Every structure is written in structure tokens, then in C-alpha cells.
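Trainee: Next up is a structure, given as C-alpha cells.
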Amino acid sequence: MSSKKSVIIGYDAVSPLGTDLDAQWEKALRGESGIRELTRFAFGDDFPVRIAGEVDAIDTEPHPFLSPRKLALWPSPIFKHAMLVVHRALEKSGITITPELSPRVAITFSSAVGGLDAILTADRRLIAENKLPPPYANPNGCINMVGGKISILTNATGPIAATIAACATGVTSIIIGSMLLEQGRADVALCGAVDFPLVEPIVAGFATMGAAYSHNPEMPFNSAAEASRPFSANRKGFVISEGAGCIIIATKEFAQTHGLDYPIEIAGWSMTSDACHFVTPNLKTVTRCIAECIDNSKISPHDVDAINAHATATKVGDKVEYQALKAVFGDHLPPVSANKSLTGHAMGASSAIESIFAMEGMRKGIVLPTINYTPDPELVLDCVSEGARKLEQEFVLKNSFGFGGCNACITFHRVT
């Protein structure tokens with residue numbers, strides 16, 4: 001492996017399963033869902049969405065940079081959650097961003113939705129009270145400001161970019177960070193994504209698109225926890241959720257020189273564009289993304305031990321992903337884990353959080369379960385529905401596909 005190739009030196013996440021990574025992992029192992037009744041805003045009887053994956057309040061007390069005074073101009077929750085996971089991931093990585101290292105630290109941490117909640121609040125005040133927006137409204141709505149705030153927090157002054165790729169933003173952020181490292185433009189990259197899209201028009205908009213799980217008085221499920229059903233015959237669309245995940249990568253050379261632990265390497269990746277429909281995935285380009293990723297990793301499909309699927313629980317999306325996997329793996333499709341059954345769909349942050357779960361599974365020799373599974377005769381696959389499974393994994397493929405035809409796949413390799 002080239003000394004400029006990327007290795008994983010730290011990560012952290014918040015999700016509907018919790019705000020502590022170890023606690024989230026334990027809940028995921030037990031097959032517990034983070035989906036519950038929607039409480040982020042009040043809604044009437046005719047509102048189409050009633051459930052969501054909400055992140056619990058975080059303890060800001062130990063972190064001065066998250067004090068009410070520091071966050072006074074940053075009301076959108078994307079900022080405090082992004083800064084928290086980056087801070088904790090840095091602590092776990094063992095590196096300190098000194099003035100000497102600062103110019104060599106890149107930031108590709110981003111968001112798919114950004115702080116639209118702050119813009120909406122300002123718009124409602126303008127209409128209801130005829131008051132102009134506060135001066136911080138627009139900065140809260142700038143998606144690149146997430147990376148900017150992380151730069152200020154960490155004093156990283158290397159290349160910075162907002163890698164916006166809809167629901168593939170998290171994985172795309174890792175790929176772009178890896179590209180900067182391979183090109184010698186940085187030694188370390190702060191990657192990942194944050195999204196808190198539980199805002200009325202966004203939630204309702206996904207429902208009117210027919211993509212999100214909508215309220216049905218005759219719902220055949222017994223609880224909100226049963227509603228997210230990737231690959232299932234009775235899947236009804238994705239459950240909207242929120243969260244953040246940070247993955248810190250470094251060149252292998254940097255990690256070795258500084259004595260840093262790196263249990264996982266980035267073996268390869270691919271990105272493609274559907275050039276087809278604005279939301280319906282294109283089987284041909286999705287298949288090519290998976291195949292190119294494996295080829296770029298210099299392995300064969302037989303070497304992939306497990307797949308962490310995109311698997312949103314939409315009828316068309318899950319079917320196309322399955323067909324693409326079958327086209328690449330044939331009758332030798334490895335176990336496929338669909339984490340959105342546990343966490344819901346946190347937009348661009350989902351693939352960052354799921355990548356972290358995949359890497360935790362590689363380190364511990366476990367594949368997380370896909371819960372709420374009812375076999376679909378058209379999608380014949382092993383989705384680990386019996387519960388968490390012990391499995392040694394050298395290579396894991398992570399899929400992520402976003403609106404606009406943004407496809408991104410990455411292969412993680414466990415360092416033995």
C-alpha cells in the first residue's frame with residue numbers, strides 16, 4: 001500500500017441510538033431501534049409524518065466551545081453536533097493540531113441539508129412580525145459554514161471543501177479527503193457529515209415525494225420502531241432522522257511516523273453520476289460504481305466479506321441496489337447489513353454514521369443486524385435478520401447513493 005494511501009485514525013458519531021458511540025454500538029448489537037414519535041415540532045392531525053429518528057440532547061457542560069454564549073449566533077443544531085463529533089474523534093485519534101501541523105490538515109466535513117432551520121425561522125419572523133432576519137441567519141444557512149466552524153474550532157488551515165452529494169455526502173467527504181491526501185496536499189483530513197433535517201417543510205416535502213414513511217391509520221406495524229424496513233417486502237419508505245459522524249483519516253506515512261493506531265485502511269472507492277432521473281436511481285451507473293470500487297481496491301468480489309448497504313427502505317431504491325449487487329456478485333452475495341433499519345435516514349450524515357458502524361464491526365468481528373425484515377421474494381439476500389452475527393471481515397463495501405444521481409462507494413480494509 002502506498003505511503004500516501006489513507007488510513008482511519010479516529011471517528012465518532014451521534015445518532016438516534018444515542019450520543020455516546022459505545023452506547024450506540026451496544027444498542028445496535030441488540031437490534032434496538034432509534035425511531036420514535038416525532039417531537040421536533042408540533043403538527044396537526046393531517047400532517048403526513050408522525051415518527052422520526054431524533055438525537056437526544058447532548059451534554060455540553062464538558063465542552064466550553066459548546067457553551068450557550070459560544071453558540072448564541074449558531075442556533076442550527078448542525079453546528080454543535082458537528083463540532084462535538086470532530087472534537088471527540090480528534091481526542092480518539094491521538095493527534096494534536098499544532099501550528100506546525102495546521103496547514104497540513106484538510107477539512108471535507110459537510111452537510112446535505114445545512115442549517116435551513118435558521119433560514120425558515122427568520123422567514124417566519126419576517127412574515128409574522130415584519131422583522132428583518134438577524135445577521136447570523138444567512139451564515140447558519142451556508143452549508144460550507146460547517147467546515148468553517150470546524151476549522152475555527154480545530155485551527156486546521158489546510159484545504160477546505162464542502163462535499164455536498166445529497167445522501168452520499170458522508171462517504172463522498174471521505175473520498176475527497178483521501179484524494180487530497182494522495183495528492184500530497186494534506187497529511188490529515190477531517191471528514192464526515194451532519195444533518196438535522198427534522199424541519200416541517202423538509203419532512204412534509206419528503207412525504208409528498210412518496211419517499212418518506214407516512215402516517216397510515218391502518219399501519220400494520222405495532223410501533224414506530226418497526227417502521228424502517230430496508231429490503232423488506234412491506235417496506236414503506238425511509239424514516240427521516242438526524243445525526244452526525246466524523247471520520248479522521250491520515251496518510252499511512254503520517255500515521256506510522258507519529259505512532260498512531262490505524263485499524264482500518266481505505267482500500268478503494270468510486271463515484272458515478274446517474275445522468276438519468278433526479279431521484280430514481282439508474283441501475284447501470286449504480287452497478288458501475290460498485291464494480292469500479294471493488295476494482296479500484298485491487299480485489300475481486302469474492303474478497304468482500306460484508307456489505308453495508310445504502311438501503312433506504314424505498315421500493316425502487318432497495319430494488320436497484322439489490323439488482324446492482326447481484327450484477328456484481330452473482331450468486332456469491334455476502335451478508336448485507338442495512339443500518340437504516342436501526343437509525344432511520346439521516347440524509348448526508350447517514351453514510352458517515354454507517355461507515356463508522358461498519359468499521360466498528362470490522363474491528364470487533366461483528367456484522368450488525370437488519371431489523372424489521374420480512375423477506376421479499378424479488379430481493380433474495382442475506383441481510384443478517386437473525387441478529388448481530390460474528391464474522392471476521394477483512395474487506396467491507398459501503399454503498400451510498402443520493403438524490404441527483406450521486407453515487408459513492410468505498411471499500412474498507414482491516415489491517416491485520
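The values are calculated or read from the model by the stated rules, or taken from the named source; none is laboratory data. Nothing here was measured: the structure is a model prediction, and the numbers come from that model. Ideal geometry is used to build each Cβ from the backbone, glycine not excepted, and the neighbour counts take in all protein chains shown.
Trainee: For the range 186-195, does any single residue satisfy the condition of being among the charged types (D, E, K, R), in the same structural domain as residue 81 (by TED's automatic domain parsing), in contact (Cβ under 8 Å) with a residue 60 or more places away in the chain and buried (at least 24 other Cβ atoms within 10 Å of the Cβ)? I'd like the intermediate steps shown before the answer.
Mentor: Step one: filter the range 186-195 for residues among the charged types (D, E, K, R), giving 187, 195.
Then drop every residue that is not in the same structural domain as residue 81 (by TED's automatic domain parsing), which leaves 187, 195.
Those left that are additionally in contact (Cβ under 8 Å) with a residue 60 or more places away in the chain: 187, 195.
Subset that is buried (at least 24 other Cβ atoms within 10 Å of the Cβ): 195.
Yes, there is a match, as at least one residue in the range 186-195 is among the charged types (D, E, K, R), in the same structural domain as residue 81 (by TED's automatic domain parsing), in contact (Cβ under 8 Å) with a residue 60 or more places away in the chain and buried (at least 24 other Cβ atoms within 10 Å of the Cβ).
Trainee: Return the only residue of 244, 207, 255, 161 being among the hydrophobic types (A, V, I, L, M, F, W, C) and over 23 Å from residue 13 (Cβ atoms).
Mentor: Within the list 244, 207, 255, 161, the selection yields 207.
Trainee: Residue by residue through the range 257-278, note down the ones that are surrounded by fewer than 17 Cβ atoms within 10 Å (Cβ to Cβ) and assigned to a loop (DSSP other than H, G, I, E, B).
Mentor: Matches in the range 257-278: 258, 259, 261, 263, 275, 276, 277, 278.
Residues are listed down the side, and each one gets a yes or a no for (1) buried (at least 16 other Cβ atoms within 10 Å of the Cβ); (2) assigned to a loop (DSSP other than H, G, I, E, B); (3) modelled with pLDDT under 95; (4) under 20 Å from the mean Cα position of the chain (by Cα):
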{"site": "74", "(1), (2), (3), (4)": "yes, yes, no, no"}
{"site": "80", "(1), (2), (3), (4)": "yes, no, no, yes"}
{"site": "85", "(1), (2), (3), (4)": "yes, no, no, yes"}
{"site": "91", "(1), (2), (3), (4)": "no, no, no, no"}
{"site": "97", "(1), (2), (3), (4)": "yes, yes, no, no"}
{"site": "100", "(1), (2), (3), (4)": "no, yes, no, no"}
{"site": "103", "(1), (2), (3), (4)": "no, no, no, no"}
{"site": "114", "(1), (2), (3), (4)": "yes, yes, no, yes"}
{"site": "126", "(1), (2), (3), (4)": "no, no, no, no"}
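Trainee: Sort out which residues of the range 292-325 are surrounded by fewer than 17 Cβ atoms within 10 Å (Cβ to Cβ) and within 17 Å of residue 401 (Cβ to Cβ), and write them in order of number.
Mentor: Quick first cut of the range 292-325, residues surrounded by fewer than 17 Cβ atoms within 10 Å (Cβ to Cβ) only: 295-296, 298, 300, 302-303, 315-316, 323.
Hits for the range 292-325 are 315, 316, 323.
Trainee: Among (1) at pLDDT 95 or above; (2) more than 22 Å from the chain's Cα centre (by Cα); (3) assigned to a loop (DSSP other than H, G, I, E, B), where does residue 56 come up short?
Mentor: Failing condition for residue 56: (2).
Trainee: Let me ask something additional. So which residues in the range 387-407 are part of a strand (DSSP E or B) and touching a residue at least 40 places away in the same chain (Cβ under 8 Å)?
Mentor: Listed by number, the residues that qualify are 389, 395, 396, 397, 398, 399, 400, 401, 402, 406, 407.
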